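Colleague: Here's a structure for you.
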Amino acid sequence: MIYFITIIFISGLLYIMYIENFRSGLARIKNDQFNIKNDDLPKVTVIIPARNEEKFIAATINSVLNQNYPETLLDIIAVDDRSTDTTPVIMDNLARLNKNLSVIHINEVSKNISPKKNAILTAVRSTENEMIITTDGDCLHDKNWVRSMISPLQNDKNENVGIVAGLTVFDKPDMDMFEEIWQNMQFIDYISHSLIAAGSIGNGRAFTANGSNLLITKSLYQKEENSLRSELASGDDFFIIQAAQESNYRLRFVCNRESIVKSYPADSLKGLIDQRSRWASKASYASDFVLYFAINTFVFYSGILTAVFLTAYGKMSLWILLVLFMMKLIPETLFLVYGFGKFGLDFKLRYYIPLQLFHIPFNLFAAIKGKYFGFEWKGVKYRQ
């Protein structure tokens, strides 16, 4: 028993150090201003890959078309990835009305490449612009979104910046009482992942990014195309930021309200589990820093869960369990309160408290499922 307790305490101490490292990284992120003259603005291409997004795609494209950005400097490429609904029709209709919007239709994809990665790479190859921003087909954007995403590049003109990442939040109106509870708990958990990514970038390390709000230079994409692990179902954002760091590109995370993208969340518990399993499935392909954090977190969370059962059966003192749980709760809470505040988000304590009952078993289950049993995404089942 003493060996078990020692291992979990050590992993807990390491976990605290990791969380504090992420918090210090958040503190290093600048609040970027985007008061840039039109004469200094670069040409930008926004890529919107979408599959069966007929409910959202029109609003997504219109929110990009309505950007406070010169139309002559903004190209938009919507990529229809084998949709079976009216998504391609909506795209084509909008393209006929807007000369800076073009549509690429993909009818089939090789089994050896991820459909979404294929969609993005197809669009990247078709544009001549160096600045590329990717988003998803179910997102809404502030009118100054594009300006805010290029602001770190303007502030760091002489630096080798290859990636600018931004924050994405969930937004879903009209929920019943039960859905409101679990969706708000999902929101907190989701933002925690994004804050870890932001804190890592603040410290100059690549952890992950969100492809729904990501600026990448075309030269980086072309150079690192073979590093995207195209045979894996997802991870276009995850692998490109890992490759960027390995090639000594600088990374930036933009911090202002206008840069935040709103996305539609998983609309069922099954969808949520599959989403988190999809994320977890890529961990074994990560950099050493990310892999060590993932392993240590798995050991620490597993130890706490095991301690719960040992305490319930009288094999472990309650105070040991409480100490272990506080080693998780206190640094996480301080980190989240700071991160939510930095990005101007509302930290809802009434949902955070019940989240603690499910957080450990849910994340352990998602990690095991993603690694060994696969997940479903866009109606297709995958297994890494």
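The values are calculated or read from the model by the stated rules, or taken from the named source; none is laboratory data. All of these numbers come straight from a predicted model, not from anything done at the bench. With ideal geometry, Cβ positions are generated from the backbone for all residues, glycine too; neighbour counts draw on all protein chains shown.
Colleague: What are the residues in region 1-39 that are modelled with pLDDT of 95 or more and either acidic (Asp, Glu) or within 30 Å of LEU73 (Cβ to Cβ) (or both), if any?
Modeller: GLU20
Colleague: Given the criterion over 14 Å from HIS141 (Cβ atoms), β-branched (Val, Ile, Thr) and within 22 Å of the chain's Cα centre (by Cα), identify the matching residue among VAL79, VAL46.
Modeller: Just a single option satisfies the conditions, and that option is VAL79.
Colleague: Only one of GLY303, GLY339, GLY314, GLY344 is over 19 Å from ILE19 (Cα atoms), outside the structural domain of GLU159 (by TED's automatic domain parsing) and in contact (Cβ under 8 Å) with a residue 60 or more places away in the chain; which?
Modeller: GLY344
Colleague: I've got another one for you. Give just the number: which of (1) aliphatic (A, V, I, L, M); (2) in contact with a Gly (Cβ under 8 Å, 6 or more places away or on another chain); (3) closer than 30 Å to GLN356 by Cα does ALA165 not satisfy?
Modeller: (2)
Colleague: Would you please name the residue that is surrounded by the fewest Cβ atoms within 10 Å (Cβ to Cβ), looking only at residues in region 264-314 that are in a helix (DSSP H, G or I) and among the polar types (S, T, N, Q)?
Modeller: Among those residues, the one meeting the criterion is SER284.
Colleague: Among LEU334, LEU349, LEU357, which is the only one that is at pLDDT 95 or above and in the same structural domain as ILE7 (by TED's automatic domain parsing)?
Modeller: LEU334
Colleague: Kindly provide the set of residues from region 265-301 that are of a type in the set (Phe, Trp, Tyr) and modelled with pLDDT of 90 or more, ordered by number.
Modeller: Result: TYR292, PHE293, PHE298, PHE300, TYR301.
Colleague: From the residues in region 196-231 that are modelled with pLDDT under 90 and in contact with a Lys or Arg (Cβ under 7 Å, 6 or more places away or on another chain), which one is surrounded by the most Cβ atoms within 10 Å (Cβ to Cβ)?
Modeller: So, considering only residues that are modelled with pLDDT under 90 and in contact with a Lys or Arg (Cβ under 7 Å, 6 or more places away or on another chain), the one surrounded by the most Cβ atoms within 10 Å (Cβ to Cβ) is LEU228.
Colleague: A further question on this structure: I'm checking my understanding of the structure. Among residues of region 232-263 that are hydrophobic (A, V, I, L, M, F, W, C) and either in a helix (DSSP H, G or I) or at pLDDT below 90 (or both), which one is surrounded by the fewest Cβ atoms within 10 Å (Cβ to Cβ)?
Modeller: It comes out as LEU232.
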